[in-house]
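For reference, the structure discussed in these notes is given below.
We did not get these values from a lab; they are worked out from the coordinates using the rules stated. The structure presented is a predicted model; accordingly, all values stated were derived computationally and were not measured. Note that each Cβ is placed from the backbone with ideal geometry, even for glycine, and that neighbours are counted across all protein chains shown.
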Amino acid sequence: MFRAHVLVILLVAFSLVVLSAPAFAADGQTRLHVCNKGQTAVAVAIARSEGSLLQPKYWVISGVTVAPQNCAVVYDQSGQGAYRERPGSLSGAREPFILSPGEALLGFGLKDTAGRFVSLRATSVPDFGNFNVKVVTRASSTLCVDPVRTPVFTTTDSKLFDPAQCTGLQLPGVSRAVPLTTAYHFSWPEIYSTLIDNDFYLNVTAKPATGEIDVTGGEGVDEDHPAPGSTPEVTAVEKSVQDALKQAVNDALRRGAEEEAKRREAADPFNQAAANRAVAEARANSIDYAAEHTRNIGRVRELSQFTPDWLRTTEPLLYVRGTVSRVEPPSGPRQPARLYFKESPDNAFIACIPTPQIFNLQQYVGKHLEVRGRVSQSNCGGKVADVRIANPAMILDLAKGTPSDEAVLPGMTAASSGNRPRAMAAIPIATRIRVSLTSNIDLQHAANGATFQGQLAAPIALPDGVIAQGAAVVLVHDAYSRLGISSVAADGKVWRVSGKIDPSSDANVNGNVLPAAMTLVFAVAGTDAPVVTGR
């Protein structure tokens, strides 16, 4: 398919070239000459294909008799801009056309010794070189022609006459129509005709005794096209311009064919499946599974340590673990089901299932589960918070082992049990953590959920060890309650921590900008045991 943008580029380039080389014709023509090299007159019949955006394809049929040692133009397709006169029009009306391949059918005939008009069989196909198209190919159709006169007439559609129709054919100016079998199909991209003059010559020699005609490509002479040397030679500049335009058109046709081939290949369902598989494999290969594992571990929350701070987490999903005490079925149509947990006897936190029909609810009673979802504030029955679960895949039975996306990855240091790695105990609730800021914090312009860096200004004593001074600390900005603590990391271990600035802190935290090196004291409200993130 020839792309419109390619055509526009070529036409612009052509305009520039024409301005730089005035001797080059702006309206090109494609002509086919027949030169009779034999001793017998040869009748040539031609059916030229025409059509436009407004007119379906039809045929313009004409003929000419070429005397021995003479030439005639049997096909002339002019590049006359965006309109051309319809052949046979008495009013001179012009109709729009599009750039489409020029096309014609060509046949030869003569009168035999008995005075009958017969078709001649062509013995070969001329070769006009490589123009990205085969200019002349064999064809076998029937044209109704008048061997006495050579009027021009048109068909009403794209169909040619059957041989049996020729005898009774009544056409204006036609004395007697006889069938003539075509020998060749002539085709040429009309964009060449619009840009460049192109002349093709057929040298013919009739053989009445065998009913054949020899046809070769070659030079010819007629009154409109004198012998080479009788006209001024094409200058080197004109020749280079013509060669450049021909090359540009060839390249455009080649690119159009390549684009069409790619489009067809891409549309093939097997190729589409292979492309989708390649994309999926590339996406899988680009995943940092260790980072995914660490992030998933950080989402785990034990329901026994539930606090309202879970509502302000920066995580899009939380993995809440608890034991189901009872299941409450939906109270009516379009009503959710609810899961209640032993670790939350006051129903401060529950799980809500808006589409209970796709769940086997009773199987969850008494099981230790991990429910995954976005924790929100009391949307469907929890006194403080609840989580909505729309897919059974978001409920995992922990009796079957650690979920695969939380399991210990190869090469990571962890306990041999296969559960979440615990190298040290959790930071006890109410612990005070002293943090030294490592950069200025502009609270007035900080976005909700923005994180900042700090380090421990004093070690933290745990029941089974110590987190040393200098450990990395991540702080998070809460638009509602100012600055809080998010995590503490040391020696490849990360403690997820929730807490606020302690009122007894000796730092002045009333300003909008907290300077680097300021020491803040946080009171821990909730924490998880550390997750090992390295070897």
Determine, for 527, 154, the number of other Cβ atoms within 10 Å of each Cβ, and report the residues in order from fewest to most. 154, 527
If every Lys and Arg gets +1 and every Asp and Glu gets -1 at its Cβ, then about the Cα centre region 293-400 yields a dipole, in debye to the nearest 20, of 180 debye
Between residue 499 and residues 5 or more places away or on another chain, which pairs have amide H atoms under 5 Å apart, with H built 1.01 Å from N, and which residues are they? 485, 525
Dipole of region 293-400, positive direction: furthest Cα of 333, 310, 366, with charges on the beta-carbon: 333
Surpassing 23 Å at the alpha-carbon level, of the pairs 342/500; 342/383; 37/111; 159/246; 37/207; 57/134, are 342/500; 159/246
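Given region 306-410, what whole percent of its Cα pairs are spread farther than 19 Å?
Across region 306-410, Cα pairs with separations above 19 Å total 41 percent.
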When a footprinting reagent is the concern and you count Cβ atoms within 10 Å, what order do 287, 46 take, fewest first? 287, 46
May I ask you to evaluate 6.51 cos²θ - 1.76 cosθ + 1.60, the Karplus curve with θ = phi - 60°, for each residue of region 236-246 and list the ³J(HN,Hα) values in order in whole Hz, giving x for glycine and proline? 4, 5, 4, 4, 5, 5, 4, 5, 5, 5, 4
May I ask you to evaluate 6.51 cos²θ - 1.76 cosθ + 1.60, the Karplus curve with θ = phi - 60°, for each residue of region 321-332 and list the ³J(HN,Hα) values in order in whole Hz, giving x for glycine and proline? 10, x, 9, 6, 8, 7, 10, 9, x, x, 7, x
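Based only on other Cβ atoms within 10 Å, what is the fewest-to-most ordering of 113, 40, 142?
113, 40, 142
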